[in-house]
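Participant: The structure's right below; bear with me while I get my questions together.
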Amino acid sequence: PVYQDWSFDYVRFVQPGVTINYQSIGSGGGITQFKEQTVDWGTSERYLRDADLDEARGNRGCNALQWPVLFGAVEVAFGDDQFDDLILSGDVVADIFERRITKFDDPAIAALNPGRELPDLDITVVHRSDGSGTTSVFTTYLERDTSTWTLGSGTEVQWPAETVGGQGNEGVTAGIQQNPGGIGYVNQAYAIINDLPTARIVNSDGNAVKATLEATSEALEVLEIPDNFQFDITGVGGDGYPIVGAVWNF
């Protein structure tokens with residue numbers, strides 16, 4: 001959404017007549033098209049690795065540059081308002097998305113939400129079906145900050161059977177809303193725009209945090225950005241929301 005706003009403002013106020021064709025095709029597609037020179041520039045929630053930079057340099061005949069321009073959260077969202085502010089730990093999120101926890105009244109969820117009435121409702125897991133930087137941020141968090149995640153990390157992972165795939169953040173949002181017991185992960189902007197009910201996630205200090213803009217910013221307080229701009233954000237504590245990443249331009 002922010003790139004749509006920026007593109008509109010650029011054409012209107014900075015350089016009228018220029019055409020900016022920006023499409024939300026997933027970070028995997030953006031990286032591939034940039035390396036193959038199909039596009040002039042791209043964006044991604046997954047930074048270009050050294051091998052990507054080498055490939056782009058070879059194809060383009062010049063150094064490829066990347067730099068972070070935005071920070072944001074990946075939210076665990078629901079399709080039913082009754083689950084808004086449900087507290088989940090990283091291990092429980094991992095168990096839900098790997099299908100070891102399949103109902104909302106599972107004892108592990110109940111233990112994190114004492115006194116909260118939880119329905120005997122099957123959980124429908126919704127994930128990205130395309131190569132996705134949002135998936136990279138989400139799975140990097142699960143790989144680094146939990147003890148039960150086994151699927152690894154990256155723009156694509158092998159999701160378990162009986163889960164639902166959606167194209168882009170738009171597709172995941174629709175899948176969450178259209179499937180009973182829907183739960184999925186979306187970029188913070190989409191959760192805000194669509195007014196999705198979202199979880200509080202327990203961070204590394206044991207605090208259950210909602211992904212407000214303030215809590216997202218808090219996660220960046222201890223971040224040291226290296227000169228090559230290649231970094232992940234993990235181990236967030238304090239009042240920070242723990243599933244946070246950057247968006248890179250390249």
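The values are calculated or read from the model by the stated rules, or taken from the named source; none is laboratory data. No experiment lies behind these values; they were computed from the predicted model shown. Using ideal geometry, Cβ is built from the backbone for each residue, glycine included, and neighbour counts are taken over all protein chains shown. The area values use the complete protein model at the heavy-atom level, side chains included, leaving out ligands, DNA and RNA. Shrake-Rupley method; radii C 1.70, N 1.55, O 1.52, S 1.80 Å.
Participant: If you go through the range 51-71 one residue at a time, do you hit one that is assigned to a loop (DSSP other than H, G, I, E, B) and within 30 Å of Thr148 (Cα to Cα)? Step through it out loud before you land on a result.
Facilitator: Just the residues of the range 51-71 that are assigned to a loop (DSSP other than H, G, I, E, B), to begin with: 61-66.
Within this subset, residues satisfying the condition of being within 30 Å of Thr148 (Cα to Cα) are none.
No, the conditions are met nowhere in the range 51-71.
Participant: Report whether or not Glu224 is of a type in the set (Asp, Glu) and part of a helix (DSSP H, G or I).
Facilitator: On the way: of a type in the set (Asp, Glu): yes; part of a helix (DSSP H, G or I): no.
No: the conditions fail for Glu224.
Participant: Please go through the range 136-151 and give me each residue that is free of Cβ contacts under 8 Å to residues at least 60 places away in the same chain, polar (S, T, N, Q) and part of a helix (DSSP H, G or I), ordered by number.
Facilitator: As a first pass, look at the range 136-151 and keep what is free of Cβ contacts under 8 Å to residues at least 60 places away in the same chain: 139, 142-143, 146-151.
Imposing the further condition that a residue be polar (S, T, N, Q) reduces the set to 139, 146-148, 150.
Thr139 - this is the single residue of the range 136-151 that is free of Cβ contacts under 8 Å to residues at least 60 places away in the same chain, polar (S, T, N, Q) and part of a helix (DSSP H, G or I).
Participant: Failed condition for His127, given (1) open to solvent by 10 Å² or more (accessible area, probe 1.4 Å); (2) farther than 19 Å from Val209 by Cα; (3) part of a helix (DSSP H, G or I), with all others met?
Facilitator: So His127 meets the others, but not (3).
Participant: Please pick out the residue among Glu75, Glu98 that is under 25 Å from Glu218 (Cβ atoms) and charged (D, E, K, R).
Facilitator: Values: Glu98 fails: under 25 Å from Glu218 (Cβ atoms).
Testing whether each residue is under 25 Å from Glu218 (Cβ atoms) and charged (D, E, K, R) leaves just Glu75.
Participant: More than 28 Å from Ser204 (Cβ to Cβ) and in contact with a strand residue (DSSP E or B) (Cβ under 8 Å, 6 or more places away or on another chain) - does that describe any residue in the range 78-89?
Facilitator: Yes, the range 78-89 contains a residue that is more than 28 Å from Ser204 (Cβ to Cβ) and in contact with a strand residue (DSSP E or B) (Cβ under 8 Å, 6 or more places away or on another chain).
Participant: Within the range 87-98, is even one residue small (Gly, Ala, Ser), touching a residue at least 60 places away in the same chain (Cβ under 8 Å), open to solvent by less than 40 Å² (accessible area, probe 1.4 Å) and part of a loop (DSSP other than H, G, I, E, B)?
Facilitator: Step one: of the range 87-98, the residues small (Gly, Ala, Ser) are 89-90, 94.
After this cut, where a residue has to be touching a residue at least 60 places away in the same chain (Cβ under 8 Å) as well, the list is 89-90.
Next cut, open to solvent by less than 40 Å² (accessible area, probe 1.4 Å) only: 89-90.
From the residues that got through so far, the ones that are part of a loop (DSSP other than H, G, I, E, B) too are 89.
Within the range 87-98, one or more residues are small (Gly, Ala, Ser), touching a residue at least 60 places away in the same chain (Cβ under 8 Å), open to solvent by less than 40 Å² (accessible area, probe 1.4 Å) and part of a loop (DSSP other than H, G, I, E, B).
Participant: A further question on this structure: Return the residues of the range 174-186 that are open to solvent by less than 30 Å² (accessible area, probe 1.4 Å), farther than 21 Å from Thr216 by Cβ and not in a helix (DSSP H, G or I); say none if nothing qualifies.
Facilitator: Gly181, Gly182
Participant: Select, from Ala189, Ala246, the only residue that is assigned to a strand (DSSP E or B), open to solvent by less than 40 Å² (accessible area, probe 1.4 Å) and at pLDDT below 95. Don't jump to the end; show me each part of the working.
Facilitator: Numbers: Ala189 fails: assigned to a strand (DSSP E or B).
Ala246 is the lone residue from the list that is assigned to a strand (DSSP E or B), open to solvent by less than 40 Å² (accessible area, probe 1.4 Å) and at pLDDT below 95.
Participant: What's the number of the only condition in (1) surrounded by 11 or more Cβ atoms within 10 Å (Cβ to Cβ); (2) modelled with pLDDT of 95 or more; (3) among the hydrophobic types (A, V, I, L, M, F, W, C) that Val14 fails to meet?
Facilitator: (1)
Participant: Residue check: is Asp120 free of Cβ contacts under 8 Å to residues at least 24 places away in the same chain, open to solvent by 50 Å² or more (accessible area, probe 1.4 Å) and farther than 18 Å from Val247 by Cβ?
Facilitator: On the way: free of Cβ contacts under 8 Å to residues at least 24 places away in the same chain: yes; open to solvent by 50 Å² or more (accessible area, probe 1.4 Å): yes; farther than 18 Å from Val247 by Cβ: yes.
In short, yes.
Participant: Oh, and also: Return the residues of the range 152-173 that are part of a loop (DSSP other than H, G, I, E, B) and either small (Gly, Ala, Ser) or open to solvent by less than 50 Å² (accessible area, probe 1.4 Å) (or both); say none if nothing qualifies. Before the answer, list the steps.
Facilitator: Quick first cut of the range 152-173, residues part of a loop (DSSP other than H, G, I, E, B) only: 152-163, 167.
Gly152, Ser153, Gly154, Thr155, Val157, Trp159, Pro160, Ala161, Thr163, listed by residue number.
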